[in-house]
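First up is the structure itself, then whatever we jot down about it.
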Amino acid sequence: MFYRPKTGMLAWILFRTTGILLIIYLAMHITVISNLHNPGKFNETMAFLGSWQFRLLEIGLYAVVIYHALNGVRILIIDFWKGALFQAKMFWILAAIGLVLFVAGAYPIFTHAMYWKHNPDKSNYHIIEEASIAQETFLAGWEVKDE
Amino acid sequence: MSDRDRGIRSGGAFSWFFQRISGVFLLLALLVHFWVLHFSAPDHGEITFGSVMERLNNPLWRAFDILFVVTAVYHAMNGALLIVQDYIRATGLRMIVVAGLWIGALYFLIVGSMTILGLA
């Protein structure tokens, strides 16, 4: 009496789940960045979000993005070409490509994470003087009331 | 009463087609975004206020980022609507949830764009 899960169904469930996760992440991403309108606050928050623990979490985000993007490509091939004839096969081919992309991208993120784990004292986040100058240049073209 | 009046009409061809168009754009934009902010970022991927402002001083980057946030919010909103259409059949509840989604989408659209323009 049980519905036997097939590749297409698995692809769909994962697509929807990663989509919901990405909506939540996008909302957080915009909210956090919108609150970083002065150099001190920005660097303070980034020192926290740029810690090695958060960098490891970013690898998870990268995996979610890769899945959603590659299955999106699979859907494009199904909708605009004759992909429906080989959608299950395509799922596993794209899974292999995704694995390669994941390793290739996770490696630099991981090495950055390990660098900051072992050299937390080398961070530049406490230097906000240069940042202030850059902000003044950036805001020069915009009329902004100073808070 | 038509399906449209009862709020249970599906997204239609426009929603379907532009979810694909925006998806293709997001795929390409994310490649750039990840490359610039994570993979090729100097100083072991340390993103400082200075480095971000330096990039945003270029109006082309600002235009790219605004297009990026508008497309991302549109794609997310359209995806959320799709899920609502699938699971919420009760008209009243659906109207409330869709209204909430619209408010959320407009909020993130405005806040995201204003951040990039340096007004937020």
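Just so you know, all these numbers are worked out from the coordinates, no wet-lab data involved. This is a predicted model, so every value here is computed, not measured. Don't worry about glycine lacking a Cβ; one is built from the backbone with ideal geometry, like all the others, and counts go over all protein chains shown.
Per-residue ellipticity at 222 nm for chain B, helices alone: DSSP H runs ≥ 4 residues times -39500 (n - 2.57), over residue total, nearest 500 deg cm²/dmol? All intermediate terms of the calculation are to be shown ahead of the outcome.
Details: 5 runs with 91 residues, N = 120.
My calculation for chain B gives -25500 deg cm²/dmol from helical runs alone.
Place a label point 7 angstrom from the Cα of residue A:117 along the Cα-to-Cβ direction, then list the residues of the stretch A:40-70 whose backbone nitrogen is under 19 Å away. Only A:47-63 pass the distance filter. For chain B, complete DSSP H runs whose alpha carbons reach 20 Å or more along their own long axis and whose mean Kyte-Doolittle score is -1.0 or higher are B:12-34, B:59-87, B:91-117. Where in the stretch A:53-87 does the amide nitrogen come within less than 13 Å of the point 7 Å from the Cα of residue A:6, taken along Cα to Cβ? Of the residues in the stretch A:53-87, A:84-87 have backbone N under 13 Å from the label point off residue A:6.
Each of B:84, B:73 has some number of other Cβ atoms within 10 Å of its Cβ, and from fewest to most they run B:84, B:73. Bridgeable lysines around residue A:6 (alpha carbons under 26 Å apart, same-chain partners fewer than 8 residues away excluded): A:82, A:89.
Can you put B:43, B:65 in order of Cβ neighbours within 10 angstrom, beginning with the fewest? List each step's numbers first, then the result.
Numbers: B:43 13, B:65 19.
Least crowded to most crowded, the residues run B:43, B:65.
Order these by the 10 Å Cβ neighbour count, fewest first: B:18, B:68. Intermediate results must be reported in sequence, preceding the final value.
On the way: B:18 15, B:68 18.
Listed from fewest to most nearby Cβ atoms, that is B:18, B:68.
For peptide A:85-94, the mean count of partner chain Cβ atoms within 10 Å of a residue's Cβ comes to 0.
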